[in-house]
Amino acid sequence: MAKILDGNAVAAAVKAEVASDVSRLAENGVVPGLAVVLVGDDPASATYVRMKERDCAEAGVRAVDYRRPAETTQAELEAIIDECNADPSIHGILVQMPLPDHLDAEAAVARIAPEKDVDGFHPVSLGRLVRGLPASRACTPFGVMRMLEHHGIEVAGKEAVVIGRSTIVGKPMALMLLEANATVTVCHSRTRDLAGVCRRADILIAAVGRPEMVTAEYVKEGAVVIDVGINRTDAGMVGDVDFASVEPVASAISPVPGGVGPMTRAMLVANTVHAAVAASGR
Ligand code: NDP
């Protein structure tokens, strides 16, 4: 029986940790502020934003909503970002992805002042991660690292395999595992013998976007399996890991829902509070 890595419990611990920073800031008249920019009417994005704003409210972070219609132009979007960059009461800026197709997401992210990039997607934040310098870390992989740490799962010296090489999950995940001294392999759609490579893993991270693709055949006995996937199917939300077949083989596994998702949102709150601390010098 694998240990179930409950993301809600770890997320609560992260939010409790940042609460002392929030109170110290409050004594100095500072409330951490997060600008949440949502363009268009994608229902999944609206749900994510609602959950992120709820987490902010719970942690004493003021979320400022910028909801704009799908026809918003690049210039209008960048004007919002510029306004938030200049506003000292805003410490973090979140531009919810995906943006409508006519908008340039790369340019929008690059427009965010790096010190307010609490999603950790800005080229400066990613460059600082590569260089091992402090910066907001991308929330999903940062949340995975926090989850491993919370459960006392040692990373140093372990074989870690990441399936997926996106800029928001796979690549920063690999860099964070490397920073923690794992031996890291990154797999993608061109990887040969994916299951065989995955079976080498002591820690297997699935960030693929394919419902329940990772079955027991991919997992070494006793491995730790982290499921980043969020896939909406007729049967409801499922991860990238086939929980039923993998759970008996793994030593620990994160569920979907209730695993990495809440961690991502908790790390957004933590990054925003840390950005407020850095900006106020407190
Ligand atoms: P992307 O689509 O950007 O990347 C998917 C990656 O998986 C790519 O690198 C792709 O390879 C690889 N891949 C796709 N199919 C295969 C395959 N058959 N075999 C091996 N590799 C494959 O997705 P994201 O990184 O943005 O997200 C991944 C998953 O994580 C999604 O389910 C997403 O919803 C979820 N997610 C969850 C979050 C959370 O908070 N829990 C946050 C962000 C994402 P290639 O590069 O070669 O195309």
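The values are calculated or read from the model by the stated rules, or taken from the named source; none is laboratory data. Treat the numbers as computed from the prediction; the structure is a model and nothing was measured. Note that each Cβ is placed from the backbone with ideal geometry, even for glycine, and that neighbours are counted across all protein chains shown. Just so you know, the surface numbers come from the protein's heavy atoms only, side chains and all, with ligands and any DNA or RNA stripped out. Shrake-Rupley method; radii C 1.70, N 1.55, O 1.52, S 1.80 Å.
A compact table of results
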read-out: Selection from the stretch 227-274 of residues that are within 10 Å of the ligand (Cβ to nearest atom) and more than 19 Å from VAL49 (Cβ to Cβ); value: ASP227, VAL228, GLY229, ASN231, VAL238, GLY239, ASP240, SER254, VAL256, GLY259
read-out: Subset of the stretch 158-181 (residues that are closer than 22 Å to VAL249 by Cβ, within 14 Å of the ligand (Cβ to nearest atom) and not in a loop (DSSP other than H, G, I, E, B)); value: VAL161, VAL162, ILE163, MET173
read-out: The stretch 185-211, subset within 14 Å of SER254 (Cβ to Cβ) and within 13 Å of the ligand (Cβ to nearest atom), residue surrounded by the fewest Cβ atoms within 10 Å (Cβ to Cβ); value: ALA207
read-out: Restricting the stretch 30-70 to residues that are open to solvent by 70 Å² or more (accessible area, probe 1.4 Å) and without any contact (Cβ under 8 Å) to a residue 24 or more places away in the chain, the residue that is nearest to ALA275 (Cα to Cα); value: ALA57
read-out: Pairs with Cβ under 6 Å, 6+ apart, first in the stretch 267-279 and touching a residue at least 40 places away in the same chain (Cβ under 8 Å), second small (Gly, Ala, Ser); value: MET267/GLY143; VAL269/ALA59; ASN271/SER136; THR272/GLY92; ALA275/GLY92
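Rundown of residues vs (1) assigned by TED's automatic domain parsing to the domain that holds SER251; (2) farther than 30 Å from ALA250 by Cβ; (3) touching a Leu at 6+ places or on another chain (Cβ under 7 Å); (4) of a type in the set (Phe, Trp, Tyr), yes/no style:
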site	(1), (2), (3), (4)
ASP6	no, no, no, no
ALA16	no, no, no, no
SER23	no, yes, no, no
VAL36	no, yes, yes, no
ALA59	no, yes, no, no
GLU76	no, yes, no, no
GLU83	no, yes, no, no
PRO100	no, yes, no, no
